[in-house]
Amino acid sequence: MIMPKDTLSFINTENSFKYSVNIKFDIGDFEKLNNYVPTAKNIKLFQEIFDSFKDNAISRAHLLIGAYGTGKSLFGTVLGTILSNKQDPKKYDNFISKIGRFDNTLATRLEQEITEKDPYLIVLPTTDGGSFKQSMLAALQQALSKNGLEDIFPATYFNSIIHKLEQWEKDYEATYSDFIDLLEKERGVDIDEFKDKINNFDQESYQFFVNKYPKLTSGGEFNPFYGCNLEDIYRAVNSEIRKRGYQGIYVVFDEFNKLLERNVESFNSKELQDFAEMATRSGENEIHLLLVSHKKMVQYTTDLSESQVNEWKKVQERFKTLDATEYSSQIYELMSNVIVKEQDSWEEFQENNQENFEFYNKWIKDLNIGPDYNEQEKEEYILRGCYPLHPLTTILLPKLSQKIAQNERTIFTYLSTEEENTLGEFIKENRNEDFPIVKPSSIYDYFADLMQQELDYTQVHQAWADSERALQKIEFDEKNKQEFIKSLGIITAVNNFSEIPPSKEILKFALDHLSEQEFDNLVDKLVESKVILHRKSLDHFVFFEGSEIDFNKKIEETKAERENTFSPKYLLEENFKPAPIYPKEYNHQYKIRRYFVSDYFYLDELKSINDWDEYLIEHNDKNYEDGLIAYLLLESNQEIEEATKYIEEMSDEINSDRVIFVRPKKPLELNELLRSFDAQKILKEDKEFLKQDSLAEKELNAYITETRQLLDNKLTKFIEPYYDNALYYHQGSVISRIKSRRDISKKISEVCEEYFAKTPVINNELVVKNKISSPQKSARKDINNRLIFRDLTERLGIEGYRPNFLIYRTMLIKTKLLLKEGKESENLMFNPEILDNESRKNIEQNLTHTSDGEGSKEGIDENLKEIIRLIREKLYCSTDKVKFKEVYDQLRRPPYGLRLGIIPILLVIAGEIDDDLKHAIIRHNGEEREINAKLFERINKHPTRYTIEKTTWDSAKEEYILFLEELYDDRLEENNSEEVNRLKKLYNAIKEWYQGLPKYSRETTELSKSSVTIRKILNKRSSEVKRILLEIIPQKLLGTSINENNVDELKELITTFFKEHNQAYYHLINKLQISICNLFASAKNVTFKESLATWYQNLDKKAKTNTYTREINAFLNILRKLQISEIEEEKLLNEICRSLTGFDINDWNDKTVEDFLDNIKDIKEEVEGIELEESDEEKENNVYEFVLVDKDGEKYERRFEEVSLDGLSKVLENKIKSSFEDIGPAVSDREKQQVLINLMKDMFEQDGIV
């Protein structure tokens, strides 16, 4: 029988899917329930939820996630209906029957839930209520009100406040008025606004009321029936409603994600966490929480701090996550249930169109469309079940809908309505075709507006924008081009290229009405008009916004210009650097991260290398590479033959044992692509060229991307063993069975095992590498500092578990480099096994004595022992000057291959194990340096700049050094320098002692000749400590070097130098006191202080009160004070000396002493001369006396004679007179007098008179 032309009349769509679901309004709508289409997989959602109804449920807090259109809200609606509406169980027969087709057990559980259990109070919070807590409380109140349970809720805090305010307004007007005044004064709101806030469950307003309640009620305490705790309220309400025939409370918080999107920063996550925990522990008093969201909670925390994100992770752990997307993989089955077909007509249609269905079924198989389904399911659901949708339309529709669908437009509104560009419209308007089918381009028309608005998925919006620009480039009637562009736009927006790539085959399938030739012609026209670009490297079509420039011509011109300057090696290294390969087995065994670097080599470069070991050392700025994977870039069969011969005949002298050569089986033919890539990169840097067209850069980027991908494809097929396009050589022979990188890793593990067999095992990847972080450097320096200064207590005195402790554990304890001195001892010691036999014997004898031999029996890594001994032998035991570079070179080469991160610690251990560092001199570019932890850090950075030598001396020099150490023992004990070298530390102590002497002691010439000689040596700057102490000083003092015959004489001269300098200052003090006493004393056997006091007392009043120079006035004032206060003689001397010279005695020199004694003699003569009779000049001039009396009654008398004024002094007098005249009577005469007196007092104080 032949079907009539209106062939789609037998197809209708399920009306229940026409409109989006609103849980709040649709719960209890049995039409929604009966039209619900369960699938084999999404039914598991019900199983998960119903498991939470058991008394021993693991969780009663669930998070249901999924994008728009995944059926989250519909699921919540159906669940809410089942749990709340149980008056008429027969209404559920159809639904239970549907469930039973998939799972009879679940169907039985549903029937029992409906018929045997009480209903749940369904609470439906919304995001309009403010905070989570406010939303939960508001929704609870609404649920109670809706179900006639209003009388339960008034006992909560908020309604209690409203009731209390109503009571005050009625019975306690004064209290009510006082509260209104408080609101306006402290909150700035009136009573109506406050009540609105309380009705909206505003916590701040609640707390304000509670805080003010005692003040308003004379100390009363507000105590509502229920507490404000959210969990307490729900528990209390749940307890009450269970008495009224309810099973419990079920909270369905739809669109919970909006609450997080709006204010995740201020969201109180603790409230949510506490409520979830309360729900899970609710037992038989069931409280359930179902949050419905687009994504997991943590995915909304991208802008929060790490600590806040961690808190949200804890919250999410309280919820069992149910992924609606995961369970909606049977979406095509659900879609097929929405597209309802009249069975008889449908079967007839299929029979008449069997050839068409087979055509599409072959496409589905060939392109592997719907890989999650088997062939039977693909045909049943994707092809036939969803007909008249094209198979690509069926696949793309739900994927696009998940990204951009909204309540008003989803996959189901597309399938169920007859709006413009929907399936319903297509069925209605396409009934006169033989085999009508909805192509992918049609869903572009339906969802284009939403694609334009999409911001979360920028790929979707960009796909829309690119599609619209492409459509503008073609004519309105070019339907095939439009269909191609829209199909490409949808595929690009979905962005699932692993399943639906924008390939030639997929696009050909989307336009299956075209022949192959027609399709190719269409593509060519679109490419020529720069609407699309075909990326041959991926076989992908992309939208293209082109310029007017002929890039192919320009690229060829640039290639020709760069014929002689083009560097393919540089281009490859910069853009296609192969990844290193790790010897995983070796690294795991030796706890290190070795790797073979990967480099490209052309044939000429390959032949030019004479020593591969040196190449590895110098590679990457002397990085001492472990090995090399050499990829040979061979462009012809002749080059392959030459390279093969060179590798196979390579001599041992060339040291290629740690090199794996990779030779292509066929010529790579990379040069032309590389030259094009180079030309494109050059053009990219030509700003003037790019200015020619606003779209030039974008088009050029497309060329670069394409060429880069083609090169990458070729190189990948050469480099990756999986493609079997290369042979691998080692030591001149082909390595068999290289099929993967793992095989290469195994081979280089064998190479490392052979050439790095003496690498010590230190299990600390943070320091066992060449470049360590700043915190690790600080930790390493701290460890070395503790080792250098022998802080060998338990844990080296380290507190906590910072990086320095990890180094201590892994490098010193686990390796057994450090041992406990005994079982009960808290002290550590270096393992004596490291030392040679003689040194070891001495330490072991001490060890046996201190710890009953414990520690000497401990084993140590033989490789580590050999390395420490090598360092000692090369650096600390050699009598020659040694370059650190030589030792570093040996340590970093095979067989040790040490990383720079651990070498400084090993250097210190080797130097400290037998106190060798004390006898070492380390120089930087020839200049001696202080030995400390910082120095070893610098050596590690630049070993070529440093040398080391061992200091040795005979018994006479040892006696001399011991003498110096004893002489300067106090300074050595106080010395805080980080120096460990014995001579350097001693010299520093001597210098510190010398620098601490008074300046006079360091400069006076009243010393022995030998002392002055030593002082001259110490005053010279030099870092050559050994030479100063052991050569220069003895030679200058003795005229020869130290020997057993002259060491005592040298010690005596040094002792004299020490004593003379220590005593020089005290000798000066004594000299000054004697000189002054001799000058001023009027009798014998009087003290220095008495001589001055007596002299001053015997002065005539005229001499005491006369005005002298500032120095003399100050001197006499000091002597005057002797009459009224006690002062020590040395302090008195210092005061006199400072007043007359301006310097402390410490800072004097021999000339200062001479000048001081002359000066004080002159002072004495001048003061005593005043006692003579008045001169003729005095008789002629006026004489003035000035008397000051302080608050204690002490008199200060000054006498001075009139002097004539001229020059500046006259100018000063005139200025003062003028100032007094200008100010006039505004200042009284007494005040003016006081001004003059104050000036006199200030002048006398400055002169030392007062």
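The values are calculated or read from the model by the stated rules, or taken from the named source; none is laboratory data. Every value quoted in this text rests on a predicted model; they were computed, and no experiment measured them. Cβ sites come from the backbone with ideal geometry, for glycine too, and all protein chains shown count toward neighbours.
General observations
- Filtering the stretch 659-690 to residues that are surrounded by fewer than 19 Cβ atoms within 10 Å (Cβ to Cβ) and aromatic (Phe, Trp, Tyr) leaves only Phe689.
- Counting the residues of the stretch 208-257 that are within 30 Å of Ile49 (Cβ to Cβ) and either over 45 Å from the mean Cα position of the chain (by Cα) or at pLDDT 85 or above (or both) gives 26.
- Within the stretch 536-574, tally of residues that are part of a strand (DSSP E or B), surrounded by 17 or more Cβ atoms within 10 Å (Cβ to Cβ) and touching a residue at least 60 places away in the same chain (Cβ under 8 Å): 1
- Taken over the stretch 97-108, the criterion of being surrounded by 18 or more Cβ atoms within 10 Å (Cβ to Cβ) and either touching an Asp or Glu at 6+ places or on another chain (Cβ under 7 Å) or under 26 Å from Leu291 (Cβ atoms) (or both) is satisfied by Ile99, Leu106.
- Residue within the stretch 346-362 that is of a type in the set (A, V, I, L, M, F, W, C), in the same structural domain as Glu505 (by TED's automatic domain parsing) and part of a loop (DSSP other than H, G, I, E, B) present: no
- Any hit, the stretch 147-155, residues being polar (S, T, N, Q), touching a strand residue (DSSP E or B) at 6+ places or on another chain (Cβ under 7 Å) and at pLDDT 85 or above: yes
- Condition met for Glu1006 (under 26 Å from His1067 (Cα atoms) and assigned to a helix (DSSP H, G or I)): no
Each row is one residue, and each column tells you yes or no for (1) closer than 25 Å to Pro803 by Cα; (2) in a helix (DSSP H, G or I); (3) touching a strand residue (DSSP E or B) at 6+ places or on another chain (Cβ under 7 Å).
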| site | (1), (2), (3) |
| --- | --- |
| Leu898 | yes, no, no |
| Ile921 | no, no, yes |
| Ile939 | yes, yes, yes |
| Ile948 | no, no, yes |
| Glu965 | no, yes, no |
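- Of all residues in the stretch 730-741 being out of contact with any Pro (no Cβ under 8 Å at 6 or more places or on another chain) and in contact (Cβ under 8 Å) with a residue 40 or more places away in the chain, the one that is farthest from Arg663 (Cα to Cα): Gln731
- Index of the failed condition, Glu1180 passing every other in (1) surrounded by 15 or more Cβ atoms within 10 Å (Cβ to Cβ); (2) modelled with pLDDT under 85: (1)
- Residue-level check: of (1) part of a helix (DSSP H, G or I); (2) surrounded by fewer than 18 Cβ atoms within 10 Å (Cβ to Cβ), Ile114 misses just (2).
- Annotation note: Cβ proximity below 7 Å between a residue of the stretch 378-398 that is without any contact (Cβ under 8 Å) to a residue 24 or more places away in the chain and a residue that is not hydrophobic (A, V, I, L, M, F, W, C) (sequence gap 6+ or interchain) occurs for Lys378/Gly370; Glu379/Asn361.
- Flag for Ile411 being assigned by TED's automatic domain parsing to the domain that holds Leu507, under 46 Å from the mean Cα position of the chain (by Cα) and at pLDDT below 90: yes
- Candidate set: the stretch 170-195, residues that are farther than 13 Å from Lys212 by Cβ and over 52 Å from the mean Cα position of the chain (by Cα); chosen: the one surrounded by the most Cβ atoms within 10 Å (Cβ to Cβ): Tyr172
- Taking the stretch 1033-1050 as the range and being surrounded by fewer than 16 Cβ atoms within 10 Å (Cβ to Cβ) and assigned to a helix (DSSP H, G or I) as the test, the residues that pass are Gln1035, Lys1036, Asp1048, Glu1049.
- The selection criterion, being loosely packed, with under 14 Cβ neighbours inside 10 Å, in contact (Cβ under 8 Å) with a residue 40 or more places away in the chain and assigned to a loop (DSSP other than H, G, I, E, B), holds for Lys771.
- Subset of the stretch 702-729 (residues that are without any contact (Cβ under 8 Å) to a residue 40 or more places away in the chain and either under 36 Å from the mean Cα position of the chain (by Cα) or not assigned by TED's automatic domain parsing to the domain that holds Leu632 (or both)): Ile704, Thr716, Glu720
- Of the candidates Ser656, Ser651, Ser636, the single residue that is of a type in the set (S, T, N, Q) and within 23 Å of Pro580 (Cα to Cα) is Ser656.
- Filter pass, Leu526 being under 19 Å from Ala463 (Cβ atoms), surrounded by 15 or more Cβ atoms within 10 Å (Cβ to Cβ), free of Cβ contacts under 8 Å to residues at least 40 places away in the same chain and of a type in the set (A, V, I, L, M): no
- Selection status of Lys365, surrounded by 16 or more Cβ atoms within 10 Å (Cβ to Cβ), of a type in the set (Lys, Arg), assigned by TED's automatic domain parsing to the domain that holds Glu425 and farther than 12 Å from Phe435 by Cα: no
- Restricting the stretch 530-567 to residues that are polar (S, T, N, Q) and under 45 Å from the mean Cα position of the chain (by Cα), the residue that is nearest to Lys684 (Cα to Cα): Thr558
- Taking the stretch 817-832 as the range and being farther than 19 Å from Asn784 by Cβ and assigned to a loop (DSSP other than H, G, I, E, B) as the test, the residues that pass are Glu821, Gly822, Lys823, Glu824, Ser825, Glu826.
- The listed residue being under 50 Å from the mean Cα position of the chain (by Cα) and either modelled with pLDDT of 90 or more or not assigned by TED's automatic domain parsing to the domain that holds His919 (or both), out of Glu973, Glu959, Glu966: Glu973
- Helices (runs of 4 or more DSSP H) wholly inside the stretch 1091-1172 that include at least 1 residues being closer than 30 Å to Leu997 by Cβ: 1110-1121, 1129-1141, 1150-1169
- Checking Thr302 against (1) surrounded by fewer than 14 Cβ atoms within 10 Å (Cβ to Cβ); (2) more than 25 Å from the chain's Cα centre (by Cα), the condition it does not meet: (2)
- Any hit, the stretch 991-999, residues being in a loop (DSSP other than H, G, I, E, B) and touching a His at 6+ places or on another chain (Cβ under 7 Å): yes
- Residues within the stretch 877-914 that are over 41 Å from the mean Cα position of the chain (by Cα) and not polar (S, T, N, Q), tallied: 5
- Selection from the stretch 466-496 of residues that are more than 11 Å from Val531 (Cβ to Cβ), in contact with a helix residue (DSSP H, G or I) (Cβ under 8 Å, 6 or more places away or on another chain) and of a type in the set (A, V, I, L, M, F, W, C): Ile490, Ile491, Ala493, Val494
- Failed condition for Ile931, given (1) part of a strand (DSSP E or B); (2) surrounded by 20 or more Cβ atoms within 10 Å (Cβ to Cβ): (1)
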